[in-house]
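The values are calculated or read from the model by the stated rules, or taken from the named source; none is laboratory data. Keep in mind it's a predicted model, so treat the numbers as computed, not measured. Because the Cβ atoms are built from the backbone with ideal geometry, glycine has one as well, and the counts that use them run over all protein chains shown.
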């Protein structure tokens, strides 16, 4: 494990140095001198993540999901508090950068404190080459993700003013905080389970179908609720000066509904040892993303550009369904039908709470009260509709929660 630790740390340091020395050129490209230091500080998350990768893997192999979940929730919660406090103090974009760094750093500290493993001063060339054959494709995929995950920020920052980029960044980072806070613990549970049955395609298919339903059942209501109550949530957390980010936030929340499923499918392919296939489909997806952004730029409209995220998310999902049909013999129609059934439940509940909010809740004056009342009603609506429409899934979710 020491070999893997030093390999991960070395790679992260190489990428950080690339970022460090290229940051002045990026700042010059955007004509924003502040980006030099911003990029150098934000890039430290690469090193923090590498420093705790082994500890995270050890807990995952031990199936210690409770501890991983606690660490993820605590670090995200503390990071969000830091970000909100700094934003309210007028630190602007620094509040986002420092929030991200603090979140990753706290998670790293907790992982180190909880683990007795420490790296030894040894390095095995044989083990390095063994991991390299599989790992270099994963590294390429992660490197592409690191570049393309911020491509919208790059385009918006170049073509629009700094305020527009700031509003979009706030909306996108808040959406990611919500999604990662919910999906990271679920993903930690997913990988070990799938790893233990990777040779049994029948079990893999049945478990994947269950995971698909549960993830959509958890993620979609939360994001749809955030879309409906976006204004009082932003006023409560960020004050009214960030209200211009609300339309951006509502759109990116739609694009985030399928995001966890798309990442889980990639994780599933890694479990099957198909890093080669992951690399191929990621190259296709990134090509589609570039074409989509290029088409959106033709209209010179920021909203069309952001809506292209939603379209890309759907395209991403459809590409993944084709791959799963080949690997698991899980038909495309069945995959779409399963997702649509769960989204219907959340959508019906969303329509009810939207009508209730507009006609009965004056959230403009009492945002916290309106949010709490709306959330309680929304949860009850989802539970009732799920119980009526899919009692077997309802009982399965109850058993999962009891465990």
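General remarks:
For (1) farther than 19 Å from residue 308 by Cα; (2) assigned to a helix (DSSP H, G or I); (3) at pLDDT below 85, each residue gets a yes or a no:
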{"residue": "233", "(1), (2), (3)": "yes, yes, no"}
{"residue": "247", "(1), (2), (3)": "no, yes, no"}
{"residue": "251", "(1), (2), (3)": "no, yes, no"}
{"residue": "267", "(1), (2), (3)": "yes, yes, yes"}
{"residue": "277", "(1), (2), (3)": "yes, yes, yes"}
{"residue": "289", "(1), (2), (3)": "no, yes, yes"}
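- Any hit, segment 274-281, residues being free of Cβ contacts under 8 Å to residues at least 12 places away in the same chain and more than 19 Å from residue 251 (Cβ to Cβ): yes
- Among (1) free of Cβ contacts under 8 Å to residues at least 40 places away in the same chain; (2) over 30 Å from residue 356 (Cα atoms); (3) surrounded by fewer than 19 Cβ atoms within 10 Å (Cβ to Cβ), the one test that residue 243 misses: (2)
- Of the residues in segment 292-310, at least one is within 21 Å of residue 150 (Cα to Cα), buried (at least 20 other Cβ atoms within 10 Å of the Cβ) and modelled with pLDDT under 85.
- Residues (crowded, with 19+ Cβ neighbours inside 10 Å and farther than 30 Å from residue 393 by Cα) located in segment 217-234: 232, 233, 234
- One residue alone among 380, 333 is under 30 Å from residue 318 (Cβ atoms), free of Cβ contacts under 8 Å to residues at least 40 places away in the same chain and under 27 Å from the mean Cα position of the chain (by Cα), and that residue is 333.
- Pair list, Cβ under 6 Å, 6 or more apart: segment 220-240 residue closer than 12 Å to residue 256 by Cα, other residue outside any helix (DSSP H, G or I): 220/257; 223/257
- For segment 82-94, filtered to residues that are assigned to a helix (DSSP H, G or I) and more than 19 Å from the chain's Cα centre (by Cα), the residue that is modelled with the lowest pLDDT is 93.
- Looking across segment 126-166, the residues that are modelled with pLDDT of 65 or more, closer than 23 Å to residue 58 by Cβ and more than 25 Å from the chain's Cα centre (by Cα) come down to 126, 127.
- The set of residues in segment 78-87 that are surrounded by 14 or more Cβ atoms within 10 Å (Cβ to Cβ) and over 12 Å from residue 174 (Cα atoms) comprises 78, 82, 86, 87.
- Residue in segment 202-210 that is in contact with a helix residue (DSSP H, G or I) (Cβ under 6 Å, 6 or more places away or on another chain), in the same structural domain as residue 356 (by TED's automatic domain parsing) and farther than 18 Å from residue 325 by Cβ present: no
- The requirement of being at pLDDT 80 or above and in a helix (DSSP H, G or I) is fulfilled somewhere in segment 179-192, by at least one residue.
- Among the residues of segment 323-343, those that are surrounded by fewer than 14 Cβ atoms within 10 Å (Cβ to Cβ) and assigned to a helix (DSSP H, G or I) comprise 326, 332, 333, 336, 337, 340.
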